[in-house]
1. Would you mind finding the one in D44, D63 that is in contact (Cβ under 8 Å) with a residue 24 or more places away in the chain and over 26 Å from G174 (Cα atoms)?
2. Residues that are at pLDDT 95 or above, within 23 Å of D163 (Cα to Cα) and surrounded by fewer than 19 Cβ atoms within 10 Å (Cβ to Cβ): does segment 30-47 have at least one?
3. Pairs under 8 Å by beta carbon, first residue more than 16 Å from I67 (Cα to Cα) in segment 182-196, partner within 7 Å of ligand 1 (Cβ to nearest atom) and not basic (K, R), six or more apart or different chains?
4. Within segment 95-135, can you find the residues that are part of a helix (DSSP H, G or I), open to solvent by less than 40 Å² (accessible area, probe 1.4 Å) and out of contact with any Leu (no Cβ under 8 Å at 6 or more places or on another chain)?
5. Of the residues I185, I171, I179, only one is away from ligand 2 (no atom under 16 Å from the Cβ) and either under 30 Å from G29 (Cβ atoms) or among the hydrophobic types (A, V, I, L, M, F, W, C) (or both); which?
6. Go over the candidates I310, I336 one by one and state the one that is open to solvent by less than 40 Å² (accessible area, probe 1.4 Å), part of a helix (DSSP H, G or I) and in contact (Cβ under 8 Å) with a residue 40 or more places away in the chain.
7. Can you tell me which residue among R135, R151 is within 14 Å of ligand 1 (Cβ to nearest atom), in contact (Cβ under 8 Å) with a residue 40 or more places away in the chain and among the charged types (D, E, K, R)?
8. Provide a single number: the residues in segment 100-121 that are more than 16 Å from ligand 2 (Cβ to nearest atom) and closer than 17 Å to A50 by Cβ.
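The values are calculated or read from the model by the stated rules, or taken from the named source; none is laboratory data. Quick caveat: nothing in here was measured; it's all calculated off a predicted structure. Don't worry about glycine lacking a Cβ; one is built from the backbone with ideal geometry, like all the others, and counts go over all protein chains shown. We work out accessible area using only protein heavy atoms, side chains counted, and drop any ligands, DNA or RNA first. Shrake-Rupley method; radii C 1.70, N 1.55, O 1.52, S 1.80 Å.
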Amino acid sequence: MKTEIIQIDPEHFEDSILDKACEILRMGGLVAFPTETVYGLGGDALSPQAAAKIYAAKGRPSDNPLIVHIADMDSLYEITGEVSKKAEKLAEAFWPGPLTMIFSKKDIVPLSTTGGLQTVAVRMPSHPVAMALIRSSGLFIAAPSANTSGRPSPTRAEHVEEDLKGKIPMILDGGLVGIGIESTIVDMTEDVPVILRPGYITQHMLEEVIGQVRIDPALLRVSPDRNIVAKAPGMKYRHYAPKGQLTIVDGELEQVVRTVNERLAEHEMRHEKAAVIATEESKDKYHTREVYSIGSRKTEGSIAAGLYDILRQMDHIGAEYIYAESFQGDRLGHAIMNRMLKAAGYHKIEV
Ligand code: TXA
Ligand code: MG
């Protein structure tokens, strides 16, 4: 299949540039598009055939449900059962934006979209291209991240091309996304809502609007534990992973640098390709040319935005061993470490 790539300036575009994309979606085909978090792989959420195509293109297990993207509140009531006051307050505060909420589903949402669950995940994205695509197509758009299952989520159209070129008919290229990690997911079917995936919208931000919010215990573990099953099916898979072995090195910076430099020397002796993921503040301390700065510790947002791009670069340079500093910032830190630990298969050393 030939993949058409359409460049769109998110700040200035005419809706007519999306005509062909809307046509593809209405016919049950797939279109990758930018959102403010990561690129999504969109299809008609009410069509089981479109859902099947999404799972096939991503190589994704079909028990891993998709997020339904909407552009207005009426759409929410059309596909969900009970919408609590708390959910309405969160929508009011954070939609459009990087928040996904789980509700009981109505029958019109096929089980193939929800991975067999009686609940449905819904998000109203704020990216102007995503918004325009939903509005102009007149559809509910099911969209997982537009990567091959298991690889880092795409934060630019080139990442989508790397994974899906030849497998889907169209990519809307809106450039680099702003946030760079996937939306926060909150289960609203419980009296006390539960965070199933940490993201840009933090527990603190949610609690300021609706009071108590819990965190799925599966997210707080530091190593995989078969006895704690994550409630978001997708969170149980190894994810975001580069091909090389990623190790997170946690501790005082000086100790971290010393340990990593020792490891680098060992890899060099064995002629193994090793690389380091560091920050602007520390990048000059490592004894290798393969140091990649993920951004400054002073701006957590830049670290989130650069994470997946750096993980993909590790594959491009053929890194067999990757060492990354740990990032426990207070705002986005939980989301960043959640993704890094998963990418590392929970491989972490304390020094
Ligand atoms: O930022 C985002 O959320 C991006 C953009 C494209 O919107 N989308 C995204 O989709 O990250 P995906 O498919 O990569 O991740 C969806 C996550 C999975 O972990 C899935 O298991 C969970 O949401 N999920 C979806 N529906 C669910 C449900 N009904 N109950 C529990 N978890 C659900
Ligand atoms: Mg994903």
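1. Testing whether each residue is in contact (Cβ under 8 Å) with a residue 24 or more places away in the chain and over 26 Å from G174 (Cα atoms) leaves just D63.
2. No, segment 30-47 contains no residue that is at pLDDT 95 or above, within 23 Å of D163 (Cα to Cα) and surrounded by fewer than 19 Cβ atoms within 10 Å (Cβ to Cβ).
3. P193/D187; V194/D187
4. A130, M131, I134
5. Details: I185 fails: away from ligand 2 (no atom under 16 Å from the Cβ); I179 fails: away from ligand 2 (no atom under 16 Å from the Cβ).
Every option except I171 fails the conditions.
6. After ruling out the rest, the residue left standing is I336.
7. Just a single option satisfies the conditions, and that option is R151.
8. Of all residues in segment 100-121, those more than 16 Å from ligand 2 (Cβ to nearest atom) come to 101, 103-112, 116-120.
This time we only want the ones that are closer than 17 Å to A50 by Cβ, so: 105, 108-112, 116, 120.
Residues in segment 100-121 being more than 16 Å from ligand 2 (Cβ to nearest atom) and closer than 17 Å to A50 by Cβ: 8 in total.
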